[in-house]
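The next block holds one structure in the form of structure tokens; read it before the comments.
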Amino acid sequence: MSYSFPEEVLEHVFSFIHSYKDRNAISLVCKSWYEIERWCRRQIFIGNCYAVSPRITIRRFPELRSVSLKGKPHFADYNLVPQGWGANMYPWVAAMAQAYPWLEELRLKRMVVTDDTLELISRSFKNFKVLVLSSCEGFTTDGLAAIAANCRNLRELDLRETEVDDPSGNWLSHFPESCTSLVSLNFACLEGEVSFSALERLVGRCTNLRTLRLNQAVPLDKLANLLRRAPQLVDLGTGIYSAEVRPELYSKLTGAFAGCKELKSLSGLWEVVPAYLPAIYPVCAGLTSLNLSYATIQSADLIKLISHCRNLQRLWVLDYIEDSGLESLAASCKDLQELRVFPSDPYGAEENVTLTEQGLVSVSEGCPKLHSVLYFCRQMTNAALFAIARNRPNMTRFRLCILEPRTPDYLTLQPLDAGFGAIVEHCKGLRRLSLSGLLTDRVFEYIGTHAKRLQMLSVAFAGDSDLALHNVLSGCKSLRKLEIRDCPFGDKALLANASKLETMRSLWMSSCSVSFGACKKLGQKMERLNVEVIDERGPLDSKPNESFVERLYAYRSVAGPRLDKPSFVWTVDENSAMRLS
Amino acid sequence: MESTVTYEGDLNLKATELRLGLPGTDESEREKPMVPVAVRNNKRPLTGSTDESKSASCASDARDGDRETRPAAKEQVVGWPPIRSYRKNSFQPKKTEADPAGIYVKVSMDGAPYLRKIDLKLYKGYSELLKALEDMFKFTIGEYSEREGYNGSEYAPTYEDKDGDWMLVGDVPWDMFISSCKRMRIMKGSEARGLGSCA
């Protein structure tokens with residue numbers, strides 16, 4: 001149909017379409033649309049770096065400006081993926097350095113990024129603007145220094161929850177005095193000191209700075225100075241929020257906060273000294289996002305602060321808030337959309353705070369817009385889950401973590417099947433679900449029957465048999481990511497649903513009952529599925545087919561088997577044999 | 001795996017059978033030989049309310065009867081609970097005023113052969129503290145005034161603050177005092193008269 005419109009017109013129309021889904025749909029209309037679309041695609045999202053290769057990406061999309069890439073599977077966050085597994089960024093950058101000299105943005109999650117990689121980025125892309133490293137690892141502040149020094153138009157440098165070695169304050173000083181382009185700077189996860197004078201000068205001359213997240217090494221009085229220099233901030237991460245109680249510092253801080261009329265998001269707040277909390281009150285009314293998940297302060301102080309934040313949409317907090325604090329939250333913050341409650345003492349055997357299922361029920365009752373929940377607690381009941389489900393049919397993300405595995409309903413001692421069943425039944429838009437507590441095969445029956453929009457499911461210490469896994473794989477039409485640990489699921493369900501796996505991004509199973517033989521069969525049967533056995537116990541090829549594997553990671557891919565496997569990863573190749581790396 | 005599960009015809013009703021018994025009372029299905037991690041559920045229902053938890057805890061006692069010898073410390077499971085490592089590293093013990101340790105500071109008195117130690121937490125304010133010091137060292141302090149310090153006595157209570165400076169007791173709010181006081185000294189004589197309230 002290319003004679004209908006000149007290419008330029010189609011290209012112009014396509015330039016208004018940004019969503020990946022829509023772009024993909026466009027490219028499927030006909031060959032000429034595919035061609036036009038691929039030449040004018042500027043940004044791409046690759047959810048699994050091994051699903052495709054740099055070469056294939058570059059061949060299809062020759063003019064990219066923005067690349068988002070995700071590497072290790074989610075359970076790597078909890079140390080379930082051994083070091084050295086993969087997700088190396090260097091080969092991607094090396095290929096893109098040739099193909100995309102005008103690359104502007106890299107957003108990476110769970111990738112291994114070395115100093116060499118950062119250095120190569122800084123030298124290869126003359127117009128590089130945005131670097132977001134989320135949950136990454138492998139580099140030191142030397143790499144950051146290269147980025148600071150060489151990227152003349154840098155707008156965003158965002159290190160989220162990323163581990164950085166050997167921090168030294170000097171990296172920040174590598175931003176040249178001519179750098180005024182920063183809009184977003186987040187180094188909250190670094191441990192070492194930065195040069196305060198360099199930081200103050202940098203903040204002072206970057207008048208477009210909207211996001212500034214400091215690390216714990218920045219003391220309270222320096223915070224006041226920085227706020228004075230950047231009253232236009234929209235997103236602030238404080239440094240350590242603790243100092244001796246000094247009246248002149250307190251008024252300095254209050255004045256500095258009062259000047260920040262645009263502030264919408266507040267985080268950091270390590271080691272909070274309650275006496276200094278009222279300094280924040282001037283900005284509370286404008287806050288939509290508040291992260292108190294490092295603030296080890298008691299419920300009363302938390303309640304006082306939160307009661308000033310009437311427009312809060314997102315709250316992250318420690319369980320020091322307790323049920324009483326959550327009740328107060330439910331009364332004050334009617335716009336609340338997302339709540340995350342983290343455990344202050346996750347490894348303690350005994351309860352240290354009064355945070356129970358009741359707190360979550362209160363919030364579900366009082367906050368009509370609540371749709372995203374992450375809740376760590378020690379006890380739960382089916383009744384509470386029923387209430388939450390009925391109160392909040394608009395729930396889209398529900399992650400419940402009862403600290404002790406296999407904990408039943410503490411009132412009835414029954415499994416929590418019915419409660420989670422109510423969640424999936426009432427919350428028809430549920431996209432993400434994490435289960436915990438005592439659960440039998442029954443809950444998976446409910447999930448397979450009702451959770452038709454579910455995209456990601458996390459399961460641990462649950463279920464009795466393969467039927468559970470079968471129900472999920474055969475019933476959840478929208479499932480993209482499934483991660484399972486320590487469940488008695490195995491071969492039968494996997495092999496019976498092999499083709500389902502190609503419709504998903506990935507499947508992770510660790511400490512389950514999956515046999516070596518089944519992995520081989522799965523890999524042989526599904527051509528475009530990479531089946532990885534990740535097992536650190538030594539050579540697998542001598543093991544019998546019936547032996548269970550430590551971890552299975554299966555993901556669809558057009559790139560074929562990995563070429564960069566470490567010694568503890570086995571994959572199946574086309575010759576139907578388990579191949580060692 | 002011993003599985004007798006098939007999917008073509010058999011609905012495997014047993015696996016999803018609704019039973020009235022407590023979970024864990026069935027023999028074969030509960031055996032999970034493939035779960036390699038030693039995690040036990042030694043959880044007791046928490047005491048929140050009264051009657052329900054009592055009856056529930058009786059049932060739980062019966063269930064856990066064979067587990068009473070379990071050590072109190074939990075065995076840690078890799079990657080459980082699912083918390084990112086940067087969160088784990090930032091855990092602090094809860095800082096509360098209910099800290100049983102108290103704030104002990106040394107108190108010296110000019111001319112006394114040895115020092116004493118007092119717990120500042122025991123006192124609600126300056127008057128209680130000063131009374132206790134008077135009793136302990138057998139002296140009188142006199143009236144505090146902002147302008148003149150302690151009048152009508154040859155003694156003055158002083159303290160060393162976090163900056164290392166010697167300050168007169170009573171100038172700053174009580175909470176600020178107990179958080180910044182490192183040690184105390186009861187000065188005597190002409191030295192004492194030299195101290196006044198600093199602006």
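The values are calculated or read from the model by the stated rules, or taken from the named source; none is laboratory data. Source: prediction; values computed, not measured. Cβ atoms come from the backbone with ideal geometry, glycine included; neighbour counts cover every protein chain shown.
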Provide a single number: the residues in the range B:145-154 that are of a type outside the set (D, E, K, R) and over 21 Å from B:I178 (Cα atoms).
-> 3
Could you grab me the full set of residues in the range A:329-338 that are polar (S, T, N, Q), farther than 30 Å from B:S85 by Cβ and either assigned to a loop (DSSP other than H, G, I, E, B) or within 14 Å of chain B (Cβ to nearest Cβ) (or both)?
-> none
Tally of residues being in a loop (DSSP other than H, G, I, E, B) and out of contact with any Phe, Trp or Tyr (no Cβ under 6 Å at 6 or more places or on another chain) across the range A:304-328 = 5
So which residues in the range A:339-394 are away from every other protein chain (no Cβ under 14 Å), assigned to a loop (DSSP other than H, G, I, E, B) and surrounded by 21 or more Cβ atoms within 10 Å (Cβ to Cβ)?
-> A:C367, A:L370, A:H371, A:R392
Can you name every residue in the range B:133-170 that is loosely packed, with under 14 Cβ neighbours inside 10 Å, among the acidic types (D, E) and in a loop (DSSP other than H, G, I, E, B)?
-> B:E146, B:E148, B:D163, B:D165
Tally time: how many residues in the range A:529-549 are buried (at least 19 other Cβ atoms within 10 Å of the Cβ), within 20 Å of A:D486 (Cβ to Cβ) and of a type outside the set (A, V, I, L, M, F, W, C)?
-> 2
Kindly list the number of the only condition in (1) within 13 Å of another protein chain (Cβ to nearest Cβ); (2) in contact with a Leu (Cβ under 8 Å, 6 or more places away or on another chain) that fails for A:A468.
-> (2)
Does A:N291 fit the bill of being part of a loop (DSSP other than H, G, I, E, B), within 25 Å of A:Q232 (Cβ to Cβ) and out of contact with any His (no Cβ under 7 Å at 6 or more places or on another chain)?
-> no
Restricted to the range A:115-140, and to residues that are surrounded by 18 or more Cβ atoms within 10 Å (Cβ to Cβ) and out of contact with any Leu (no Cβ under 8 Å at 6 or more places or on another chain), which residue is farthest from A:Q43 (Cα to Cα)?
-> A:G138
Going through the range A:123-177 one residue at a time, which ones are closer than 19 Å to A:A97 by Cα and within 14 Å of another protein chain (Cβ to nearest Cβ)?
-> A:L133
By my count, helices (runs of 4 or more DSSP H) wholly in the range A:1-100 with at least 1 residues that are touching a Leu at 6+ places or on another chain (Cβ under 9 Å), modelled with pLDDT of 95 or more and closer than 30 Å to A:W570 by Cβ are A:54-60, A:90-99
Hey, A:I321 closer than 19 Å to A:A295 by Cα and of a type in the set (V, I, T) or not = yes
Could you please find all residues in the range A:420-460 being surrounded by fewer than 19 Cβ atoms within 10 Å (Cβ to Cβ), farther than 14 Å from A:K481 by Cα and under 22 Å from the mean Cα position of the chain (by Cα)?
-> A:G429
Give the range B:135-150 a look and list any residue that's of a type in the set (D, E, K, R) and under 18 Å from B:G125 (Cβ atoms), or say none.
-> B:D135, B:E143, B:E146
Restricting the first residue to the range A:430-448 and requiring it to be farther than 18 Å from A:I388 by Cα and more than 10 Å from chain B (Cβ to nearest Cβ), which pairs with a second residue that is outside any strand (DSSP E or B) and not aliphatic (A, V, I, L, M) meet a Cβ separation below 6 Å and a spacing of at least six or different chains?
-> A:G448/A:N471; A:G448/A:G475
How many residues are without any contact (Cβ under 8 Å) to a residue 60 or more places away in the chain and surrounded by fewer than 19 Cβ atoms within 10 Å (Cβ to Cβ) if we restrict to the range A:55-77?
-> 9
When you go through (1) within 14 Å of chain B (Cβ to nearest Cβ); (2) touching a Pro at 6+ places or on another chain (Cβ under 9 Å); (3) crowded, with 22+ Cβ neighbours inside 10 Å one by one for A:D417, which number turns out not to apply?
-> (2)
On the given criteria, is A:S242 in contact (Cβ under 8 Å) with a residue 40 or more places away in the chain and polar (S, T, N, Q)?
-> no
Does any residue of the range A:82-92 turn out to be over 24 Å from A:G138 (Cα atoms) and surrounded by 15 or more Cβ atoms within 10 Å (Cβ to Cβ)?
-> no
Scan of the range A:339-354 for residues that are touching a Leu at 6+ places or on another chain (Cβ under 7 Å) and acidic (D, E), ordered by number = A:E351
